[in-house]
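The values are calculated or read from the model by the stated rules, or taken from the named source; none is laboratory data. Source: prediction; values computed, not measured. Note that we place each Cβ from the backbone using ideal geometry, even for glycine, and neighbour counts take in every protein chain shown. The protein model used for the area step is the full one, side chains on, heavy atoms only, and it has no ligands, DNA or RNA in it. Shrake-Rupley method; radii C 1.70, N 1.55, O 1.52, S 1.80 Å.
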Amino acid sequence: MKKVNSLRTPIYRDSGFWLKDIPNMKKAFADEVNHPSDPDLYIYSRYRNPTVVQTEQELAKIEGSTWALLAQSGLAAIDIALSIFQDSSQPIKWLFFSEIYGGTNTFIDKVLVARRGFDIVRFTPTNDSYSLSQFESLMEQHKPNVVFLESISNPMLIVPDIPEILKISKRFGARVIVDNTFATPYTLKPLAIGADLVIHSATKYLAGHGNLSAGVVCGNDTDLLKQAIEYRKLVGHMISPDDAYRLYDYLKSFHLRIAQHFSNAQRIAEFLSSHPAVEKVLYPSLPEHPTAAIANKIFNNGHGGIVTFDLKGNNFTQKQENCNTFIKLVSHDIHLIPTLGDADTILMPVEPVWGDRYPYPGMVRLSIGIEPPERLMNVLKDALDKTCC
């Protein structure tokens, strides 16, 4: 067959790869003992796939990491990142920041605690910010061997002082995993300041179009890479080559998209802050946000693409009614979709999703898209003007 003069890696849909003869097969399986990230001879797509590897290499460039490993979802990436630190010869005690993705918290409770019996400590914020002195006290008291946190929390957008948390964690010998989905490598690269692993729900900003599911684990330690490859292979957390191929194409516009997401979010946050129907706006750059000083210190190119705001109302019922009215008014232009990071602006009401955890019936989380910001502001203004006040 003739070679095709294309710059693109094909979509290799092979389940198993042609090894030609016994010497080749022996070499492939001998090499597999060391879990190479880009093997000379591919064996089976649950192990590694060349289309997936190409996308992983592109993700590593964006993250500034030595390696990146794809999985079929963000939670699969979380499972890989956490599971490679499990060691039956050592007691497990892990510390999780409480303000993390709800799916991660459920995974902690239903899998790590209920099924695996791990000893879990949670670190909760005070007045919507994390106290470093309290964190240090918890580290001294519990001496966890793994610390897990997010760069920007969901939906309250709390920003931890990651450089200081890393310093404290390392002093106590803990490994640190940072979920950097909200901040993205566009504005923060935790590996460069000492994190052991960074994970993303690549479904969100890395893919950015709301039409594929993926997760990625990134790191610099090659021993952790080998462990992650082995674990992914054994539990089957492999992304499809078709999704990897599409993700590779989406990554070409990553920096352009993210710049627009973040710029739009800043403008929308400022606009909402000035509207009389809005009681409070949560966005890390705004001076009134409890972690604004930290966000301004650690972020380089913006403060994220999520804006959370609370509508005015005299009581729970009125706020709830105002929220329902607002969502109906914007529904033709801004849709209620339970995800984030899409090219289009979408929203989620907070109280119906998070319930007692965030019992704020007038609160809405906006995932700001890349549309012209003036168009977004016109849609929001028209709905807010008709909602209340």
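Of note:
- Estimated dipole of the stretch 213-295 in Debye, rounded to 20 [Cβ of Lys and Arg +1, of Asp and Glu -1, Cα centre]: 160 debye
- The distance separating the Cα centre of the stretch 112-131 from that of the stretch 1-43 comes to 43 Å.
- Looking at the stretch 177-257, the trypsin sites (Lys or Arg not before Pro) that sit in a DSSP loop and have at most 12 other Cβ atoms within 10 Å of their own Cβ are 252.
- Listed cross-link partners 61/252; 204/226; 204/328 are compared with a 23 Å cut-off, the Cα-Cα value being larger for 204/226; 204/328.
- In the chain, Cα pairs under 8 Å separated by at least six residues give a relative contact order of 17 percent.
- Total charge dipole magnitude, the chain, about the Cα centre, Cβ charges on Lys, Arg, Asp, Glu only, Debye to nearest 20: 680 debye
- Compactness of the chain - radius of gyration and Dmax, Cα, Å: 22.2, 78
- Under Karplus coefficients 6.51, -1.76 and 1.60, residue-wise ³J(HN,Hα) of the stretch 299-315 in Hz, glycine/proline x: 8, 9, 9, x, 10, x, x, 10, 10, 10, 9, 10, 6, 6, x, 7, 7
- Entry comment: accessible area of the chain is 44 Å² per residue, from protein heavy atoms only and a probe of 1.4 Å.
- Neighbour-limited loop hits for trypsin sites (Lys or Arg not before Pro), the stretch 18-99 (at most 10 other Cβ within 10 Å; DSSP other than H, G, I, E, B): 20
- Extension gain (nm, one decimal) between residue 25 and residue 328, 0.36 nm per residue minus Cα-Cα: 103.0 nm
- Cα-based reach from residue 312 at 13 Å (exclusive), listing aspartates and glutamates while leaving out same-chain residues under 8 positions away: 279, 321, 385
- Carbon + sulfur, % of accessible area of the stretch 141-254 - ligands and nucleic acids excluded, 1.4 Å: 50 percent
- Peptides 53-60, 321-328, 113-120 ranked from most to least packed by the mean count of surrounding Cβ atoms within 10 Å: 53-60, 321-328, 113-120.
- Across the stretch 344-389, C-alpha contacts under 8 Å between residues 6 or more apart give a mean separation that, scaled by the residue count, equals a relative contact order of 36 percent.
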